[in-house]
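Structure, as structure tokens:
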Amino acid sequence: MPRLFDPLTVRSQTFANRIFVSPMCEYSSTDGFAGDWHLVHLGSRAVGGAGLVFTEATAVTPEGRISPEDLGIWTDEHVEPLARIVRFIHEQGSVAGMQLAHAGRKASTYRPWSGAGTVPASDGGWTNVLAPSAVPFADNHPMPRELTVDGIRGIADAFAAAAGRARDAGFRVIELHAAHGYLLHEFLSPLSNRRQDDYGGSFGNRTRLVRETVTAIRAVWPEALPLFVRISATDWVEGGWDIEQSVELARQLKPLGVDLIDCSSGGNAAQATIPFGPGYQTPFAERIRREAGVLTGAVGLITAPLQAELIVATGQADAVLLARELLRDPYFPLRAARELGQDITWPAQYLRAGPKDARPRAAVNVPDR
Ligand SMILES: Cc1cc2nc3c(=O)[nH]c(=O)nc-3n(C[C@H](O)[C@H](O)[C@H](O)COP(=O)(O)O)c2cc1C
């Protein structure tokens, strides 16, 4: 039997299978609000049978948005439209997760189809772009302001407040975004963190904000619910953040209440040379799982059912996260089950398209309201 469809239980939460929807910015919000696009986009992938559906990077403060059109959760008003989406995902038997993010020095940039580089204030951008140090990501990116120590504490508080709202919206998993050159990754990496205070220099200082943020989230996020952290396991640049530091960070995060490390890479150095290829980041998930003794997720150019099955079955990761393949085919999990000979449940409405003995799917976690 394929292992890709083994249920996975983390704390009190069981995922029906190990195919997770990787967070994907949709750049389709006004003032951070979720709308019809988010319902249909995320809802389709729940209908398609993914075990877990993550929202895109959801900004914990307005200036922490990558673009003016990012999803956000910095006010209580953001909760209800998200709660509607969560209910729909859970009705499909999938689990709703939210990725919480702050874009740091990569904030206030154009969404991919509207331009490139910094968005000026006249076009909805902002000037309080924040980072550990006043080092821009690239020439066409804003010069960030160095955060004060009070400002840094405010970041951890903003993540915790956002986690409380995600809980109120009914999400069952939080993923802290500490990858891809956004604020938390900027603190981790010596390429972007030139501070000389308690938040820069040594490994312990550079990782302090991630540890403090995890602790602040855990104080409001229910004990029974999983907390994931996405990291860039390497900057792919000599002298940058690397896999050895990632293993050590994972070891330190586990006792703070982190259940799974989602192992991505890159994004913090415009000049990095990245060896893209099928499953190119999976070795990081395998190594962190083995050396830090923590659950891991593999992501990056995973596109075929057998490839995904191999990753889980050989213990390289506990789950696979798919992004672009799930854009091409939201029903990838149903297709993978067919190809791998696995019997899985189908949406009742679609039963006549499934195998002869297909069973209807049951809802999970649907709140009593
Ligand atoms: C349209 C798009 C938006 C993305 N937005 C996010 C995001 O919000 N947060 C994140 O951590 N990664 C984001 N990513 C990266 C994906 O989650 C994933 O790590 C990457 O695309 C590699 O996986 P893939 O080869 O399956 O696409 C995005 C990728 C795409 C294609």
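By its C-alpha gyration tensor, with a ≥ b ≥ c as the square roots of the eigenvalues, how is the chain shaped: rounded for a/c under 1.5, else prolate for a/b larger than b/c, else oblate?
In terms of gyration-tensor shape, prolate.
Work out how much length Glu339 to Thr215 would gain on full extension: take 0.36 nm times their residue separation and subtract the Cα-Cα distance, in nm to one decimal. Show your work: numbers first, answer last.
Details: separation 124, 0.36 × 124 = 44.64 nm, distance 4.19 nm.
Taking Glu339 through Thr215 to full extension adds about 40.4 nm, to one decimal.
Which distance in nm do the two modelled labels at Asp198 and Leu39 give, with both placed 7 Å along the Cα-to-Cβ direction?
Distance between the two pseudo-spin positions: 4.6 nm.
Where only protein heavy atoms count, and the probe is 1.4 Å, what is the accessible area per residue for the stretch 248-360 in Å²? Intermediate values should be presented prior to the final figure.
Details: 5270 Å² over 113 residues.
Dividing the accessible area of the stretch 248-360 by its residue count gives 47 Å².
Can you tell me what share of the DSSP beta bridges in the chain is antiparallel? A percent to the nearest 5 is fine. If you can, show how the numbers build up before the last one.
Details: 5 of 41 bridges.
Taking every DSSP beta bridge within the chain, about 10 percent pair in antiparallel fashion.
If you fit an axis through the alpha-carbon atoms of helix 79-91 and take the longest principal axis of the Cα set of the chain, what angle between them do you get, 0 to 90°, nearest 10?
With rounding to tens, the tilt is 30 degrees.
Using alpha carbons only, how many angstrom separate the centre of the stretch 78-106 from the centre of the stretch 299-369?
What the calculation gives is 19 Å, centre to centre.
With a/c under 1.5 counting as rounded, go ahead and sort the stretch 192-296 into rounded, prolate or oblate using the C-alpha gyration tensor (a ≥ b ≥ c being the square roots of the eigenvalues; past the cut-off, prolate if a/b is larger than b/c, else oblate). If you can, show how the numbers build up before the last one.
Details: a/c = 2.06, a/b = 1.19, b/c = 1.73.
Oblate.
With every protein chain left in place, what is the accessible area per residue of the stretch 5-84 in square angstrom, probe 1.4 Å? Numbers along the way, then the final one.
Numbers: 2440 Å² over 80 residues.
With the other protein chains kept in place, the stretch 5-84 gives 30 Å² per residue.
Roughly speaking, to the nearest percent, how much of the chain's 1.4 Å accessible area is carbon and sulfur?
Its accessible area is 52 percent carbon and sulfur atoms.
Whole Å is fine, so just give me how far the alpha carbon centre of the stretch 202-228 lies from that of the stretch 1-65.
Each part reduced to its Cα centre gives a spacing of 21 Å.
To the nearest 10 degrees, how steep is helix 149-169 against the longest Cα principal axis of the chain, on a 0 to 90 scale?
Its long axis makes an angle of about 20 degrees.
The values are calculated or read from the model by the stated rules, or taken from the named source; none is laboratory data. Owing to the predicted nature of the structure, the values given are computational and were not obtained by experimental measurement. So basically every Cβ, Gly included, is an ideal-geometry build from the backbone, and we count neighbours across all protein chains shown. Calculation scope for accessible area: heavy atoms of the full protein, side chains included, ligands and nucleic acids excluded. Shrake-Rupley method; radii C 1.70, N 1.55, O 1.52, S 1.80 Å.
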